[in-house]
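Derivation of every value follows stated rules applied to the coordinates shown; laboratory data play no part. Remember, predicted model here, so these are calculated numbers, not experimental data. All Cβ positions, even for glycine, are placed from backbone atoms using ideal geometry, and neighbour counts span all protein chains on display.
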Amino acid sequence: MPSTPNLRQAQATGSYDNKTALSVVIANMIGTGVFTSLGYQLLDIQSGFVILTLWFIGGITALCGALCYAELGAALPRSGGEYNFLSRIYHPAAGFVSGWVSATVGFAAPVALVAITFGVYLEQAIPHLPASVSACCIIIAMTLAHSFSRRTSSSVQSSFTGIKILLIALFCIGAWAFAPNPQSISFLPISGDGKLLTSSAFAVALIYVNYAYTGWNSATYITGELTNPQRSLPKIILLGTATVMLLYIALHAAFLYLAPIAEMQGQIEIAYIAGTHLFGELGAKIMAVVLSVLLISSVSAMTLAGPRVLQVLGQDIPGLKLLAKTNDAGLPNLAIYAQSCLALLMVLTASFEAILVFTGFILGLNTLFAVAGVFVLRWRQPNLPRPFRVTLYPLPPLIFMGITLWTLVHLLQQRPLEGWLALGIVAAGLVVYSGLRPRP
């Protein structure tokens, strides 16, 4: 396992600028969860205050995690995200399991979820176009865009992310300015809210929210391809996370202001339902197309970032060396193809909610150990240069770990099948590592 960052290859083949890296963070975060999870939350929680509190706590949790990843990424500047962190902090086996999780679930499953949502929204506007066909097409298109040219990859990512931010902002402004029949929902605390805030329903709902915030760590997957990552990475992660937190709270306030709770309960296409109340049936069909466009940048971002985990796995594990192979542009095209094939398989075989809950649990477990690594690394290597240090240490990692543990325990109690399946993936990773690890 390499013990020092190796950035020469990335520098020789070009690098992604800070704008592209920031767009990767924002686009990775603003994906399926924000446009779909409210319907599941409303099954048990009908309070506007509690719903917005969910998204506020999720944002604070993400910011705490982002501070920790900023310190780790600046101190250990190599691509690969949690694979790099856990390998260097704990043991190569821990890093491999993290990489295994990212390879099998961490990116392929979210790509599948976003692609399915893309297809569902597009089907609202074009009824005869099956959602699964659209989902597969967008995965294939983004795979091609990111596997041939770094310049094309950067342009696609930055452009679609800019469009996404603009359209979300315009939707929120339009909701408050032009809603024809606004709902009489209160965003101030009411009787019973205190009990909801400490309930199992709130904890499980927070799994959906935390899943929607996943992606704040995505810039760490391309650290080796950033310009001066030790200085730029903390700014990219924190600015991206804070921007998304504000957009999420505004967007959910707009959804609740526009549409009756009864219509949104248990539904996936939340933004389409809200759009119907704002624009009418024809306008909502246009809105469905717009929402589909918003999701393109998310598929793009995860197709860009995720394969870097497979690439570094290939660099370190001889049995996976094909995944480290790059094309003339320095892009890990075989790793990109492998991740996209897994995503296509999930689109064609798995249900939406099962993927969502299962993925939220296993990604929460992954980031929990990475954030705990801030304590471990400071204890084991106190003299390691740290260009960025966690503000208000040790509060951010403690807050992140406490909230994450609380939600994971409740999810195991409420949805044991998905939770134990996620733990099974981790165990399988250890088995695979024992067969592939380099022998002395």
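Here are some notes:
- Residue order, fewest to most surrounding Cβ atoms within 10 angstrom, among T276, T227, T36: T227, T276, T36
- Directionally averaged projected area (the chain, Cα convex hull): 19.8 nm².
- By the count of neighbouring beta-carbon atoms within 10 Å, fewest first, E82, E71, E281 end up ordered E281, E71, E82.
- Cβ crowding within 10 Å, taken as a proxy for footprinting-reagent exposure, orders W100, W379, W216, W406 from fewest neighbours to most as W379, W406, W100, W216.
- Scattering profile of region 96-221 at q = 0.13, 0.16 Å⁻¹ [log10 I(q)/I(0), Debye over alpha-carbon scatterers]: -0.89, -1.21
- For the chain, a simple Cβ point-charge model (Lys and Arg +1, Asp and Glu -1, everything else neutral) yields a dipole of about 1500 debye relative to the Cα centre.
- Within a Gaussian network of the chain (alpha carbon springs, distance under 10 Å), most fluctuating of S191, S102, S158: S191
- Extension gain from W379 to I286, taking 0.36 nm per residue of separation minus the Cα-Cα distance: 28.0 nm
- Nearest-0.05 FRET efficiency for T349 and F56, computed from C-beta distance (R0 41 Å): 0.70
- With a simple spin-label model that places each label point 7 Å from the Cα along the Cα-to-Cβ direction, the separation between L43 and L436 comes to 3.5 nm.
- Euclidean distance of C-alpha centroids, region 57-90 and region 93-149, integer Å: 24
- Non-local lysine pairs in the chain, meaning eight or more places apart or on different chains, with alpha-carbon distances under 27 Å, amount to 5.
- Binning the C-alpha pair distances of region 290-405 at 5 Å intervals from 0 yields a P(r) profile of 2, 9, 12, 15, 16, 17, 16, 10, 4, 1, 0 %, listed from the shortest bin outward.
- Computed E for I126/E263 - FRET, C-beta separation, R0 25 angstrom, nearest 0.05: 0.65
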